[in-house]
Amino acid sequence: MADWYLKRNEQITGPYSKQELHEWYTTGRLITTDLIREGETGYFIPAGEIPGFLRELQAERIQQIHFASLPSSRKRLPLLPIIAILIGLPCLVFFILISFNVIHIEQTRGEARRSRSKYNLKQIGAALLQYHDAHQTFPPGAIIAEDDTPRHSWQSLILPYLDQRGLYQQIDFELPWNAPYNQRVFQQQVPQYQADWIEEKSSPEGYALSHYVGNEKLLKNNQGFRLREITDGVSNTIAAVERGVPYQPWGNPTNLANPTEIIGPGNKTLFPGGNHVLFCDGRVQFISKDIDPAILKALSTPDGGETIIDY
């Protein structure tokens with residue numbers, strides 16, 4: 001079945017069958033950093049970050065080589081003995097297969113979801129750094145008008161660096177994000193801002209949600225931080241956090257929070273035990289909900305002067 005797509009240099013080709021990708025991989029035309037996806041919708045993920053994908057292709061290749069090397073007499077396996085074995089042990093075979101399949105499916109699904117969420121944060125991190133290269137500062141967390149009306153969010157400002165320039169150009173930044181003219185724009189979902197397995201993707205008003213929140217200590221109102229001003233170190237300062245409910249629209253200027261209020265016991269998360277966190281150097285790390293609160297507070301401030309030890 002041809003349902004795989006390949007993205008290179010912003011060009012999408014496909015669909016391809018898994019057999020075609022297998023042939024490409026064995027001949028070196030497909031490498032671990034190539035972006036692929038299964039199906040016509042969704043977003044692309046490096047082939048090497050799809051749990052088990054390349055290992056499965058390698059296993060299929062080894063099996064084909066082994067089977068091709070067998071004498072023709074050994075390839076013709078007798079059917080009756082196999083049927084007799086399956087009939088004699090149906091219950092045992094059934095329960096063993098079901099048990100292993102359930103465990104494998106759950107593990108694979110969990111690993112794949114973690115990889116996709118980490119990849120979303122990595123793309124957000126790359127966009128923030130590209131914004132800094134272009135403007136010599138990170139974006140402000142929120143643009144607030146003189147009359148204190150919230151105008152636009154940091155996630156709107158980095159759209160051009162997420163291959164969303166067309167969406168960015170539809171926004172009238174002279175009007176608030178939720179003005180009638182802008183409403184249609186902010187109802188559009190941005191793949192990098194959503195964990196695709198989460199069902200809650202739009203607010204009751206129809207605005208597309210973000211499953212990630214910016215660090216209000218770094219992304220401040222009407223003010224951007226320069227890299228050199230992050231005196232605590234870019235590798236020790238949180239830029240954004242994966243969060244659980246309640247979610248905010250990606251265009252909402254209030255989609256900011258103190259990481260100490262997102263990470264920790266009792267907070268809802270996308271994954272058990274903690275949150276994936278984006279640091280200012282573009283690195284993504286999973287932080288346990290049981291992290292020392294003092295360390296988490298230090299990681300949340302860009303210039304607090306705290307001493308940070310291993311965590």
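Every read-out reported here was derived from the displayed coordinates using simple, explicitly stated rules and does not represent laboratory data. In this text, all values refer to a predicted model and were calculated from it rather than measured experimentally. Note that we place each Cβ from the backbone using ideal geometry, even for glycine, and neighbour counts take in every protein chain shown.
Here are the numbers:
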{"item": "For the stretch 224-311: rounded, prolate or oblate by the Cα gyration tensor [a/c cutoff 1.5]", "result": "oblate"}
{"item": "Per-pair calculated FRET efficiency, R0 = 30 Å: residue 40 and residue 311 via Cβ, rounded to 0.05", "result": "0.15"}
{"item": "Segment residue 268-residue 188, length gained on full extension (0.36 nm per residue, minus Cα span)", "result": "26.3 nm"}
{"item": "Aspartates and glutamates whose Cα lies under 17 Å from that of residue 297, excluding same-chain neighbours fewer than 8 positions away", "result": "216, 232, 242, 261, 306, 310"}
{"item": "Spacing of the two label points (7 Å from each Cα toward its C-beta) at residue 235 and residue 170, in nm", "result": "4.1 nm"}
{"item": "Nearby lysines by direct alpha-carbon distance to residue 7 (threshold 16 angstrom, same-chain neighbours under 8 apart not counted)", "result": "18"}
{"item": "Fully extended contour minus Cα-Cα distance, from residue 281 to residue 109, at 0.36 nm per residue", "result": "59.1 nm"}
{"item": "R0 of 25 Å, Cβ-Cβ distance residue 261-residue 203: FRET efficiency to nearest 0.05", "result": "0.75"}
{"item": "Loop chymotrypsin sites (Phe, Trp or Tyr not before Pro), the stretch 125-213 (other Cβ atoms within 10 Å of the site Cβ: 12 or fewer; DSSP)", "result": "197"}
{"item": "Gained length - residue 303 relative to residue 178, 0.36 nm times residue gap less alpha-carbon distance", "result": "41.7 nm"}
{"item": "Trypsin sites (Lys or Arg not before Pro) lying in DSSP loop within the stretch 156-249, provided at most 12 other Cβ fall within 10 Å", "result": "226"}
